[in-house]
1. Could you check how much of the accessible area of the range 1-144 is carbon and sulfur, as a whole percent, using a 1.4 Å probe?
2. Rg (Å, one decimal) plus Dmax (Å, integer) for the alpha carbons of the range 10-95?
3. Restricting to Cα pairs below 8 Å that are 6+ residues apart, what does the relative contact order work out to for the range 131-182? Please round to a whole percent.
4. With each run of n ≥ 4 DSSP H residues scored as -39500 (n - 2.57), what mean residue ellipticity at 222 nm is computed for the chain after dividing by its residue count and rounding to the nearest 500 deg cm²/dmol?
5. Determine the dipole magnitude for the range 1-93: charges of +1 sit on the beta-carbon of Lys and Arg, -1 on that of Asp and Glu, nothing else is charged, the reference point is the Cα centre, and the result goes in debye to the nearest 20.
6. So for each of 50-59, 109-118 I average, over its residues, the number of other beta carbons within 10 Å; can you give me the resulting order with the highest mean first?
7. Excluding residues on the same chain fewer than 8 positions from residue 131, give the lysines whose Cα lies under 27 Å from its Cα.
8. So what is the accessible area of the chain per residue, in Å², with the probe set to 1.4 Å?
Amino acid sequence: MSDRMINVLPCMREMCGTTVNLFGWDLSGTVSYSFNQQGFRSTVDYDFDPDYVFFGCSLVFGVGVDQDKIFPSQFERSWNCGLAGWYNNQDIFDSIQNFETAVSGSCRKFVCWIDRDNDVAHRYARQLSAKGYLQFFCGEPAELENCYAMPPHIDTDPSGTHMGAQSHRMFAKLLCALFDRS
């Protein structure tokens, strides 16, 4: 399973099995970014079927926030398939397709689309809405079931470009409610 679920971004695949203190927009050097053997930000390899999987942009990746404080880490048995660096909504969708090929079990699925190519995001959102994905948009949300605008941040990371630890905590609570998790 995990052999087929490899990160689609070369800049993240290069990081497999490493930990660095600078990545993406975060140039503060205050956060450690650990990458698993699949090239995703995680301290564990994805050799299990997840209960939750998170796809999307650098907000999902958790730029500028410690691993244990990002919202995907607040869910047990989860995979953080967030991207960081140079990517677009096609890359996010390619990650989703890799996942659907690699994992046959059911789980709760989330995606956060970036606002650089909304037409692509909206096209794919239609397909994923029918599959029950919970979808958030940094840009204009698609008018479909389970599609929402990203809420405003209550704090930011050290670079001032992404949501901070408090925003991640509040967003995790919102997702719990939307996933019908108590």
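1. On the way: 2840 of 6280 Å².
Of the solvent-accessible surface of the range 1-144, carbon and sulfur hold 45 percent.
2. Considering the range 10-95 through its Cα atoms, Rg and Dmax are 11.8, 34 Å.
3. Numbers: 45 pairs, mean separation 10.1, N = 52.
Averaging sequence separation for qualifying contacts and normalising by length gives 19 percent for the range 131-182.
4. Details: 5 runs with 49 residues, N = 182.
Value at 222 nm, helices only: -8000 deg cm²/dmol.
5. Working: 5 positive and 11 negative charges, 40 e Å.
It comes to approximately 200 debye.
6. 50-59, 109-118
7. Qualifying lysines at Cα under 27 Å: 109, 173.
8. On the way: 8480 Å² over 182 residues.
Each residue of the chain exposes 47 Å² on average to a 1.4 Å probe.
The values are calculated or read from the model by the stated rules, or taken from the named source; none is laboratory data. Values in this document were obtained by computation on a predicted structure and should not be read as measured data. Every residue, glycine among them, receives a Cβ derived from its backbone with ideal geometry; neighbour counts consider all protein chains shown. Each accessible area value is taken on the protein alone, full model and side chains, heavy atoms only, with ligands, DNA and RNA left out. Shrake-Rupley method; radii C 1.70, N 1.55, O 1.52, S 1.80 Å.
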